[in-house]
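Values in this text are rule-based calculations from the coordinates and carry no lab data. Since the structure is predicted, the reported quantities are computational estimates derived from the model, not experimental observations. With ideal geometry, Cβ positions are generated from the backbone for all residues, glycine too; neighbour counts draw on all protein chains shown.
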Amino acid sequence: MNGMVMNIQRFCVQDGPGIRTTVFLKGCPLRCAWCHNPESHHAAPEVLYDADKCIGCGACAEICSGHSFSEGIHSYSCSGCIACGRCAQRCYSDALELCGRTMTAQEVVEAAARDKAFYRDNGGLTLSGGEPLMQSAFALEIAKLARQQGIHVCVETCGECSSAVMEKMAAVTDLFLYDIKLLDPDLHRQYTGVSNEQILRNLELLDRLNQPVILRCPIIPDINLTDEHFAKIAALAQRMDCVTEVQFEPYHPLGVQKAKRLSRRQPYGSEAFLSREEVLVFAQRAQKLTNKPFSVQ
Ligand code: SF4
Ligand code: SF4
């Protein structure tokens, strides 16, 4: 079984318990205005170009008409690009990067298994993205193979998939990291491009299945940094027995630079970080509304 992998990151400590190998799969059904991984949106591989790293050597233009020079300045046009990656291989300064490669589920699990000694009691493999359940058959196969090797499996998901897919995934997953971005359905559609109805239905499904879930909540200034939002998250956590913990993730602007490298514009384009302390004030007020532990990442 093959799939499109964006990246495999080792020794991660924020993608579930313990030390983990995080496998980022490409493709996502949401378009969050603040997305910090815009290179994950499309399922197909694509080239990122960082103009700040370009030394104008011309090597890429020698092999592909997608690269051109005008008055000594390099430009890259993605129209017509077949993402063969030859230009990125030739780029001496890492200004070009091919994002996305085809791997088998077996290769992914072998890569994770190399880190097994570091997992100890609670670490393991985390499937993330993008949205890993966009490639549900691939994600299922990775999780099954990992569990056969005794590797703990976390799935970080936005929850936007069919209930049938979520149920199958639950059967081979130890812990879900479940993103909740907004609880108001209109605002959810406005800022992510999709309704939150199926996302909440799938969370209820995991609750019925007694599947452990950590809620992960990105906090974005001017969008959901409000007491009302934190109170709604607290009420949701309290209502769902499956929720063991809530983690708030303050906005960071890394997606803005990545979107530029993809010749796209990030809808929420603020380049200012949101401090952990600022989010903590809201989290501490809302913590009084639930006995589920809150933390700010
Ligand atoms: S990835 Fe291939 S097709 Fe695309 S710009 Fe580079 S060399 Fe050209
Ligand atoms: S190969 Fe890399 S450094 Fe050279 S011109 Fe192309 S993008 Fe710039």
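Can you classify segment 153-202 as rounded, prolate or oblate using the Cα gyration tensor, where a ≥ b ≥ c are the square roots of its eigenvalues, rounded means a/c under 1.5, and otherwise it's prolate if a/b beats b/c and oblate if not? It comes out prolate by the Cα gyration axes.
Per-residue Karplus couplings for segment 215-230, computed as 6.51 cos²θ - 1.76 cosθ + 1.60 with θ equal to phi - 60°, are listed in order as 7, 10, 10, x, 10, 10, x, 6, 10, 9, 7, 9, 4, 4, 5, 4 Hz, Gly and Pro entered as x.
What dipole magnitude, in Debye to the nearest 20, does the chain give about its Cα centre under +1 on Lys/Arg Cβ and -1 on Asp/Glu Cβ?
Values: 30 positive and 34 negative charges, 73 e Å.
Rounded to the nearest 20 debye, it is 360 debye.
In order along segment 164-181, phi translates into HN-Hα couplings of 4, 5, 4, 5, 5, 5, 4, 5, 10, 10, 8, 8, 9, 9, 10, 6, 10, 9 Hz, rounded to whole numbers, per the Karplus curve 6.51 cos²θ - 1.76 cosθ + 1.60 with θ = phi - 60° and x for Gly and Pro.
Please identify every one of the trypsin sites (Lys or Arg not before Pro) in segment 1-94 that sits in a loop by DSSP and has no more than 13 other beta carbons within 10 Å of its own beta carbon. Sparse-neighbourhood loop trypsin sites (Lys or Arg not before Pro): ARG31.
Debye-formula intensities of the chain, expressed as log10 I(q)/I(0) at q = 0.12 Å⁻¹, are -0.83 (one equal scatterer per alpha-carbon, no solvent). Close amide H partners of LEU25, meaning residues 5 or more places away or on another chain with modelled amide H under 5 Å apart, are MET6, SER128, GLY129.
Note down the magnitude of the dipole of segment 46-99 about its Cα centre, charges +1 on Lys and Arg C-beta and -1 on Asp and Glu C-beta and zero elsewhere, to the nearest 20 debye. Show your work: numbers first, answer last.
Values: 3 positive and 7 negative charges, 35 e Å.
For segment 46-99, the charge dipole is close to 160 debye.
Per the Cα gyration tensor, segment 32-143 maps to an equivalent ellipsoid with semi-axes of 34, 16, 14 Å, ordered largest to smallest.
Among residues other than ILE19 with Cβ under 11 Å from its Cβ, the summed charge is +1 (Lys and Arg +1, Asp and Glu -1).
Largest GNM mean-square fluctuation across VAL172, VAL281, VAL108, computed for the chain with C-alpha springs under 10 Å, falls on VAL281.
Compute the longest continuous run of the chain that contains no exposed GluC sites (Glu not before Pro); treat a site as exposed when its DSSP state is not H, G, I, E or B and it has at most 15 other Cβ atoms within 10 Å. Each step should come with its number before you reach the end.
Working: sites that count: GLU71, GLU271.
In the chain, the maximal stretch lacking such sites is 72-270.
Quick query: amide H of CYS217 versus all other amide H atoms, modeled in the peptide plane; which residues come in under 5 Å with a sequence gap of 5 or more or a different chain? Amide H neighbours of CYS217: ILE180, GLN247, PHE248, GLU249.
May I ask for the distance between the Cα centers of segment 172-230 and segment 108-163, given as a whole number of Å? So the separation of the two Cα centres works out to 20 Å.
Expressed to the nearest 5 percent, the antiparallel share of DSSP beta bridges inside the chain is 40 percent. Within segment 32-105, the chymotrypsin sites (Phe, Trp or Tyr not before Pro) that combine a DSSP coil assignment with at most 16 other C-beta atoms in a 10 angstrom radius are TYR92. Taking segment 96-178, which trypsin sites (Lys or Arg not before Pro) meet the DSSP loop condition and have no more than 15 other C-beta atoms within 10 Å? Filter output for segment 96-178: ARG114, ARG120.
Within a straight-line Cα-Cα reach of under 13 Å, LYS260 can be paired with the following aspartates and glutamates, leaving aside sequence neighbours fewer than 8 residues apart in one chain: GLU39, ASP50, ASP52, GLU271. Mean separation of Cα pairs under 8 Å and 6 or more residues apart, divided by the residue count, gives segment 95-171 a relative contact order of 34 percent. Would you mind telling me which residue in CYS217, CYS154, CYS57 has the biggest mean-square fluctuation in a Gaussian network model of the chain, where springs connect alpha carbons within a distance under 10 angstrom? Between CYS217, CYS154, CYS57, it is CYS57 that shows the largest mean-square fluctuation.
Between HIS188, HIS67, HIS36, the Gaussian network model of the chain with springs among Cα atoms under 10 angstrom shows the greatest mean-square fluctuation at HIS67. Applying 1/(1 + (r/R0)^6) with R0 = 22 Å to the Cβ-Cβ distance of ALA33 and ASP227, what FRET efficiency is obtained, to the nearest 0.05? Working from the Cβ atoms, E equals 0.55. Given the pairs LYS144/LYS232; LYS258/LYS288; LYS26/LYS181; LYS181/LYS258; LYS258/LYS292; LYS26/LYS168, which are separated by over 31 angstrom at their Cα positions? Distance filter (> 31 Å) returns LYS144/LYS232; LYS258/LYS288; LYS258/LYS292. Dividing the summed helix terms, -39500 (n - 2.57) for each DSSP H run of n ≥ 4, by the number of residues in the chain produces a 222 nm estimate of -9000 deg cm²/dmol to the nearest 500.
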